[in-house]
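Let me begin by presenting the structure, written as structure tokens, before commenting on it.
The values are calculated or read from the model by the stated rules, or taken from the named source; none is laboratory data. Keep in mind it's a predicted model, so treat the numbers as computed, not measured. As a convention, Cβ positions derive from the backbone with ideal geometry for all residues, glycine included, and neighbour counts pool all protein chains shown.
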Amino acid sequence: MCRGCDVDTGPGWGQAWAESTRNEQAGHTHLRNALLQRLLSSYSYSISQIDITDSFRLSGPTGKTAIAHGARSVWPVFEEMSGRQIDVLDPRVIERASGR
Amino acid sequence: MASVVKPIILVTGALGSGKTSGLGALIAHFGYSSPRVLINDVGQVNDEIRFESSAGTYAAETIGGGCACCERSDEFLGRLLALLDDTSSAFDVIIFEASGVADPAAVVRLISEHPKLSHHIEASNHVHYVDATSTEGLLACDVALAETCVIAKSDLVSPGEIDELSAEMRSWNPHMKLLVQDVVDEHVRVLPAPPAAPDPVPAGSSSAPIALAEASRSERADVHVADFSLPTGLSWLALATWATALLARHGDRVLRLKASVPSGQQRVVLNGVRHTLFPPRSLENTEPRSTRGTLTVISTTQDVGLLLDSLQVFVDPAIEATHPVLVPAE
């Protein structure tokens, strides 16, 4: 909920998220988190969700950690930590994530 | 500030392409009755412009002396905030006519990244005007970025030329809405263009993995269009998260991304332009429950194979069962 204007922003950007059932929200969150885990692990990073909030703790290979508030903030936080951008089209990243 | 979301229609097109003269007809075509109109020009403009539609006469506010996507962005955002705070008059849509040189992606980014406007204004449509009599400078990426294109001054060229222009524009953006604008008895009209091929119907069983449905490349411009077919169990939230990563890294070459994902009784629509993914919207699902979803990516580079591999590895629900999921923090 945005405290400035009482709009439910939610982890899924408002309207589509708000109109999902709790079960659907749980399923979406599970699949979204699985994606984050696969993607970050292919950069040797790990990610964990902080309690029931939509915040995440990112841990780098050297033990460095940082908090991302919301899934969309994971990319800039990762970039700040690692000095590089997440690239879902990088063939090496795809290969590592697929376990090939 | 009211806690409702108002649509904004972004109108772009080159100087003299017929944007301002067509505004009244465009508003009538979309069925809005109480628009608030903002017109931006890089030069000095009158404080107020009046225009007519079949539903009435409207006044437009103006922002002159610079482009709203850059040097006059503060004034543009301030005007939008003032419109939302103005409780004296109800309105059902904001029409923003950008200057002829504006970057439409920059305009939508200004709104989507604003801490308040992003919650109250939704970039529901981007209408791009193309002058049928002057197509030499026509840019494929301008057409690819738009949700709707209007071929203006269509009465000044032959039907064959309109067909040729329509076909070329559709090769750059196959799923856009295409309209033609003409003048009859001094009245501007906006009509649907002759129909194109129907949107792709995803084939295959509903749970089959993500697949490439169709890929094409424009002959004249370096624009690639890839249509993917999505399984019914796919999470729109996972796809949207993947899309934000794609656009953050490749928004310089991904012009547009559009998806329709079945989700229970709803279909969730994702819309992305350049680096921006708009808030996903859910619509009533009028398709059979077994109908697969669709994803279209329009880009300036040939990445179809990588896009498919990436979607299959990161988004397809089938792979989730074989990979560990995120664990709670200590």
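Only one residue in A:Ser73, A:Ser59 is within 10 Å of the chain's Cα centre (by Cα) and without any contact (Cβ under 8 Å) to a residue 24 or more places away in the chain. Which one?
Going through A:Ser73, A:Ser59 in turn, just one is within 10 Å of the chain's Cα centre (by Cα) and without any contact (Cβ under 8 Å) to a residue 24 or more places away in the chain: A:Ser73.
Cβ-Cβ below 6 Å, separation at least six or inter-chain, first residue in region B:170-181 and closer than 16 Å to B:Asp222 by Cβ and in contact (Cβ under 8 Å) with a residue 40 or more places away in the chain, second part of a loop (DSSP other than H, G, I, E, B) and among the polar types (S, T, N, Q): which pairs?
Listed by first residue and then by second, the contacts come to B:Ser171/B:Ser218; B:Trp172/B:Ser218.
Among the residues of region B:286-318, which ones are more than 25 Å from the chain's Cα centre (by Cα) and surrounded by 16 or more Cβ atoms within 10 Å (Cβ to Cβ)?
The answer is B:Asp309, B:Gln312, B:Val313, B:Phe314, B:Asp316, B:Pro317.
Taking region A:15-42 as the search range and keeping residues that are crowded, with 21+ Cβ neighbours inside 10 Å and assigned to a loop (DSSP other than H, G, I, E, B), which one is nearest to the other protein chains (Cβ to nearest Cβ)?
Result: A:Ser20.
What is the residue count in region B:206-228 for residues that are part of a loop (DSSP other than H, G, I, E, B), modelled with pLDDT of 85 or more and either not aliphatic (A, V, I, L, M) or not assigned by TED's automatic domain parsing to the domain that holds B:Leu239 (or both)?
0
Can you tell me which residue among B:His175, B:His275 is within 22 Å of the chain's Cα centre (by Cα), surrounded by fewer than 23 Cβ atoms within 10 Å (Cβ to Cβ), within 28 Å of B:Thr300 (Cβ to Cβ) and not assigned by TED's automatic domain parsing to the domain that holds B:Asp131?
Values: B:His175 fails: not assigned by TED's automatic domain parsing to the domain that holds B:Asp131.
Exactly one of B:His175, B:His275 is within 22 Å of the chain's Cα centre (by Cα), surrounded by fewer than 23 Cβ atoms within 10 Å (Cβ to Cβ), within 28 Å of B:Thr300 (Cβ to Cβ) and not assigned by TED's automatic domain parsing to the domain that holds B:Asp131, namely B:His275.
Just to verify a result, which residue in region A:43-57, among those that are surrounded by fewer than 16 Cβ atoms within 10 Å (Cβ to Cβ) and hydrophobic (A, V, I, L, M, F, W, C), is modelled with the lowest pLDDT?
That would be A:Ile52.
Can you tell me which of (1) among the aromatic types (Phe, Trp, Tyr); (2) in contact with a helix residue (DSSP H, G or I) (Cβ under 9 Å, 6 or more places away or on another chain); (3) at pLDDT 85 or above is the one B:Tyr58 doesn't meet?
(3)
For region A:58-70, does any single residue satisfy the condition of being over 18 Å from B:Leu277 (Cβ atoms), in contact with a Leu (Cβ under 6 Å, 6 or more places away or on another chain), surrounded by fewer than 21 Cβ atoms within 10 Å (Cβ to Cβ) and at pLDDT 90 or above?
yes
Just checking, does region B:64-74 include any residue being in a strand (DSSP E or B) and modelled with pLDDT under 90?
No, region B:64-74 contains no residue that is in a strand (DSSP E or B) and modelled with pLDDT under 90.
What single numbered condition from (1) under 25 Å from B:Lys153 (Cα atoms); (2) within 19 Å of the chain's Cα centre (by Cα) fails to hold for B:Val45?
Going through (1) under 25 Å from B:Lys153 (Cα atoms); (2) within 19 Å of the chain's Cα centre (by Cα) one by one, B:Val45 breaks only (2).
I'd like to verify a number: residues in region B:98-108 that are assigned to a loop (DSSP other than H, G, I, E, B) and either within 14 Å of chain A (Cβ to nearest Cβ) or crowded, with 20+ Cβ neighbours inside 10 Å (or both), how many?
Matching residues across region B:98-108 total 3.
Could you tell me which residue of region A:66-93 is nearest to B:Gly305 (Cα to Cα), considering only residues that are more than 7 Å from chain B (Cβ to nearest Cβ) and outside any helix (DSSP H, G or I)?
A:Asp90
Could you identify the single residue in B:Ser134, B:Ser124 that is touching a Pro at 6+ places or on another chain (Cβ under 7 Å), surrounded by fewer than 20 Cβ atoms within 10 Å (Cβ to Cβ) and within 21 Å of B:Leu23 (Cβ to Cβ)?
B:Ser124
Which of the residues spanning region B:144-169 are without any contact (Cβ under 8 Å) to a residue 60 or more places away in the chain and within 20 Å of B:Ser21 (Cβ to Cβ)?
Passing the criteria: B:Thr148, B:Cys149, B:Ile151, B:Ser154, B:Asp155, B:Leu156, B:Val157, B:Ile162, B:Leu165.
Looking at (1) at negative phi; (2) part of a loop (DSSP other than H, G, I, E, B), which one does B:Ile111 not meet, given that it meets all the others?
Status for B:Ile111: all satisfied but (2).
Where residues in region B:34-52 are among the polar types (S, T, N, Q) and touching a Phe, Trp or Tyr at 6+ places or on another chain (Cβ under 9 Å), which of them is surrounded by the fewest Cβ atoms within 10 Å (Cβ to Cβ)?
Checked region B:34-52; the qualifying residue surrounded by the fewest Cβ atoms within 10 Å (Cβ to Cβ) is B:Ser34.
Is it true that some residue in region B:59-77 is polar (S, T, N, Q) and farther than 27 Å from B:His275 by Cα?
yes
What single numbered condition from (1) within 8 Å of another protein chain (Cβ to nearest Cβ); (2) within 21 Å of A:Gly27 (Cα to Cα); (3) in a helix (DSSP H, G or I) fails to hold for B:Ala243?
Single failed check for B:Ala243: (1).
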